[in-house]
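Novice: Quick one: the structure is below, questions incoming.
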Amino acid sequence: MTRNSATKANMTKMELKKLKSILPTLKQKPTSTPMEIVLETIRYIRQLEDQLIDRFQFDASNSTSQSSLSDVSTLSNDSSLLSISTPLQDIGNSN
């Protein structure tokens, strides 16, 4: 293994370790394969996305302007989303 490939392998391990540390379902698990970490990351992102869509649907149904959900992709670039007052739920223990 060359020095460059060893460095890349170490960086990959560090990145997987960071990902695992923020995934609620894996952070307490002593060992996880890289595939488990990537698949759980995908699942977690999808659940967070579903929560956001649900929140937009709820907000739209309660607003008088009735904005369209087709604008969600436009809203994803809106910096005001960074200041959502209600935090997303921890979905780590839901199955």
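The values are calculated or read from the model by the stated rules, or taken from the named source; none is laboratory data. Note that this is a predicted model, so its numbers are computed, not measured. Methodologically, a virtual Cβ is constructed for each residue, glycine included, from the backbone with ideal geometry; neighbour enumeration extends over all protein chains shown. Accessible surface is based on the protein model in full, side chains and every heavy atom, while ligands, DNA and RNA are left aside. Shrake-Rupley method; radii C 1.70, N 1.55, O 1.52, S 1.80 Å.
Novice: Using θ = phi - 60° and the Karplus curve 6.51 cos²θ - 1.76 cosθ + 1.60, what whole-Hz ³J(HN,Hα) does each residue of region 48-57 get, with Gly and Pro shown as x?
Specialist: With the stated coefficients, region 48-57 comes to 5, 4, 4, 4, 5, 4, 4, 5, 5, 5 Hz.
Novice: Please arrange Arg55, Arg3 by accessible surface area, largest first, computed with a 1.4 Å probe and ligands excluded. Before the final figure, lay out the partial values.
Specialist: On the way: Arg55 55, Arg3 205 Å².
I get Arg3, Arg55, largest accessible area first.
Novice: Testing the spin-label approximation: label points 7 Å from Cα along Cα→Cβ at Gln28 and Lys13. State their distance in nm.
Specialist: 2.7 nm
Novice: Right, another one. Going by accessible area, probe 1.4 Å, with all protein chains left in place, what is the ranking of Glu49, Glu40, largest first?
Specialist: Reading off the accessible areas and sorting them downward yields Glu49, Glu40.
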